[in-house]
Amino acid sequence: MSSAIAAPPDLIAKYEPVIGLEVHVQLATNTKIFCGCATSFGAPPNTNVCPVCLGLPGALPVLNRRAVEMAIKAGLALNCTVNRRSQFARKNYFYPDLPKGYQISQYDLPVAEHGWVEVEVGGVKKRIGITRVHMEDDAGKSIHDGFRDSDKYTYVDLNRSGTPLIEIVTEPDIRSSDEAYAFLTELKQILQYQECSTCDMEKGHLRCDANVSVRLKGAEKFGTKAEVKNVNSFRFVKLALDYEIERQVAVVDGGGRILQETRLFNPDTGETVGMRSKESAHDYRYFPEPDLVPLRISEEWMDEIRQDMPELPQARRARYMADFGLREYDAGVLTATRATSDFFEAVSKAAGDPRAAANWVMGDLMGALKAENKEIAESPVSAQNLGELIALIGKGEISGKLAKEIFAKMLSTGEAPRAIMEREGLKQISDSGALEKIVDQVIASNPKQLEQYRGGKTTVLAFFVGQVMKATRGQANPAAVNELLKAKLG
C-alpha cells in the first residue's frame, strides 16, 4: 500500500480526530422486511423478488414482526431506550438498484436511541454513545463489469432489495482508529450473541461508513467532516481512518479547506478518494411512509423479547473472572463467540471444574480444531464428553497422560471417554498391591539409581517414577507411585 499524504507525527499530534460511525447490519430473518421473499445469499440474480420489493405500482408493504424483534433486541443490548412508538419514512433518492425510487427507513422517530457501548483501548475503558438504531430496507446491488468492445456494463441484481437492516449511528465520541476498531469488534460480538445478525462482512451483512473531521487539540468546534463510505472490513476501516486523518491534518495545517463529501477507500493503494458531495437530510425529502401505520411496541411484547435475550459477552467475561477465577485474557478467549462460550459452560458443568474446563477448551480442543480448520460447532468431541473426561481426571480414575490419549481417540471417533477407557483398558491403576509389585521390580532393576538416591541425590526419584509409568503404559496413579517409592527408597 502507498500513501500520497505524509504528515509528520508531531504535526498529527497537534490535532484531534473526531469520528462517528454509521453501521448497517443485515438482520438474520428468513424473509425480507416488507414482503415474503427469501433473504438467502447466493441465489441466481433477480430470483428472490416480488412486486413489493420491485416497487411495482399498487404493491403494499407488510412489516416483518421478526425483524422488529431483532431490532428491539439490538437496541436493548446496546443500552438504548426502545421507543414505544416509532415511524417509518420515505427516504427519496434515485439510483439504478433502488427500483422504488425511495428507501423505507426511519427518520425522526427511530425504534431505539440514546445508548452506549463500552470499549477498552490501551487499558483505558470508554463509553461510545449510540445516537440511534433505526430500521430500513436495503437497496439492490449494482455489479460493474469490465470493458467489452469499449463499453462498460453495469448489471443490477435486486435479490438484496428489501432485505431488513438496522442502521446504528454513534455519537462523534471516537478519537482514534483504534477506538473505532474496538467499537466495531464489540458491536459485532454483541449482535452475534443476540443472533440478530451473522455480521458476515464478506456477504455484506455488516457495512460501515465513517464520518471523520479534525480539529486542533483543545478546540471545541468540530471541523468539516468527510464520510468514508462502505468499508467492508474492520482492518480497512482502521486503515481508511488513519489515512483520512493524516490527509485532513495536511490540508488544514497547510491552510486548505476540507470539503464535505463522500469518499471511498481503495484497499490497493491505502488511500481515500472523493466520490461525490455529501447529501444533507433535506436532500432526501423525508416524509412519513403513507403505506405503513406507526409501529407500536407494547410492554408485554418487550418483556417477551427481554426474556429471550442471552447474557451479553461483557457480563459473561466479568462472571467468568469473578465466579470461576479465570484470568481476563482467558475469559476474553472463552467469550469470543456465543458458540464458544456456550460450549465452555456445558463442559464446565459436566466437569465440575471451570478452570480445568477452560484449560482443555482453550488448549487441547481449540488446538485440534484449528489444525482441522473447524469451528467449535463442528467439534467431534461434544461438550458433555469433554466434561466427563475432565471429571474422570478429577476423580483419580485416569491420569492427565491417559486423558490425552483418550482425548485423541475421542477426536477420531466421537465416543464417550468411559467407553474408550474400558474398551482399551486405559483405567488408572491405583491399587496399592498391584503398584507395589511393579515398584519393587523397578527398584530391583535399577541398583545404580537406588544407590544414588540413598546417597543423597533425591532428584533420582523422578527417574523411578518415569520407569513405573513406562512399565504401566502411563496407567499408574502418579501420586500413589510417589508415595510408594518414597517409602521403599527411604
Original post:
Exposure proxy check: Thr31, Thr272 ranked by fewest other beta carbons within 10 Å?
Top reply: Thr31, Thr272
Original post:
Hey, fewest Cβ within 10 Å first, where do Arg263, Arg319, Arg235 land in order?
Top reply: Arg235, Arg319, Arg263
Subject >> Ala322/Glu451 FRET efficiency (R0 60 Å; Cβ-Cβ; nearest 0.05) >> reply: 0.65
**OP:** Treat each spin label as a single point 7 Å out from the Cα along the C-beta direction, and report the Thr413 to Asn46 distance in nm.
**Re:** 5.7 nm
Subject >> Reach of Lys152 by Cα under 19 Å, taken over lysines that are not fewer than 8 positions away in the same chain >> reply: Lys141
Subject >> Entries of Lys100/Lys225; Lys188/Lys349; Lys448/Lys486; Lys73/Lys370; Lys370/Lys409; Lys73/Lys349 with Cα pairs more than 21 Å apart >> reply: Lys100/Lys225; Lys188/Lys349; Lys73/Lys370; Lys73/Lys349
Subject >> Per-pair calculated FRET efficiency, R0 = 56 Å: Lys349 and Leu259 via Cβ, rounded to 0.05 >> reply: 0.45
Original post:
At a Förster distance of 60 Å, what's the computed FRET efficiency of Lys14 paired with Glu375, Cβ-Cβ distance as r, to 0.05?
Top reply: 0.85
Subject >> DSSP bridge pairs, the chain: antiparallel proportion in percent, nearest 5 >> reply: 95 percent
**OP:** Quick one: which residues, 5+ away or cross-chain, put their amide H under 5 Å from the amide H of Glu16? H built at 1.01 Å from N.
**Re:** Arg215, Leu216, Lys217
Original post:
If you count the DSSP beta bridges with both ends in the range 9-299, what percent of them are antiparallel, to the nearest 5?
Top reply: 95 percent
**OP:** Go through the range 120-126 residue by residue and turn each phi into a ³J(HN,Hα) via Karplus (6.51, -1.76, 1.60, θ = phi - 60°); whole Hz please, and just put x for glycine and proline.
**Re:** 10, 10, x, x, 10, 8, 8
Original post:
Relative contact order for the range 311-424 using alpha-carbon pairs under 8 Å, separation at least 6, rounded to a whole percent?
Top reply: 21 percent
**OP:** Would you please give the residues with an amide H less than 5 Å from that of Ala112, counting only those at least 5 places away or on a separate chain, with H modeled from the backbone geometry?
**Re:** Asn83, Val133
Original post:
What is the extension gain from Thr458 to Ser142, computed as 0.36 nm multiplied by their sequence separation minus the C-alpha to C-alpha distance, in nm to one decimal?
Top reply: 106.1 nm
Subject >> Karplus-derived 3J(HN,Hα), 6.51/-1.76/1.60, for each residue of the range 188-198, Hz, glycine and proline x >> reply: 4, 5, 4, 5, 5, 4, 7, 6, 6, 7, 6
Subject >> Estimated D of the range 416-490 in µm² per second, where Rh is the Kirkwood radius over Cα pairs and Stokes-Einstein applies at 4 °C, 1.567 mPa s >> reply: 100 µm²/s
Subject >> Computed helical MRE - 222 nm, the chain, DSSP H runs ≥ 4 contributing -39500 (n - 2.57), nearest 500 >> reply: -11500 deg cm²/dmol
Subject >> Highest to lowest packing among 61-70, 282-291, scored as the average C-beta count within 10 Å >> reply: 61-70, 282-291
Original post:
Listing Arg90, Arg338 from the residue with the fewest other Cβ atoms within 10 Å to the one with the most, what is the order?
Top reply: Arg338, Arg90
Subject >> Positive minus negative residues near Ile398 (Lys, Arg vs Asp, Glu; Cβ under 13 Å) >> reply: +2
Original post:
Between Val62 and Tyr155, what is the label-to-label distance in nm when each label sits 7 Å out along the Cα-to-Cβ direction?
Top reply: 3.2 nm
**OP:** Determine which aspartates and glutamates satisfy two conditions relative to Lys470: a Cα distance under 16 Å, and not lying fewer than 8 residues away in the same chain.
**Re:** Glu405, Glu436, Asp440
**OP:** For Cα extents along the principal axes in Å, several values are listed as (i) 86, 56, 42; (ii) 93, 69, 58; (iii) 95, 56, 56; flag the one computed from this structure.
**Re:** (iii)
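None of the figures in this text is laboratory data; all of them are computed from the coordinates on show. Note that this is a predicted model, so its numbers are computed, not measured. Note that we place each Cβ from the backbone using ideal geometry, even for glycine, and neighbour counts take in every protein chain shown.
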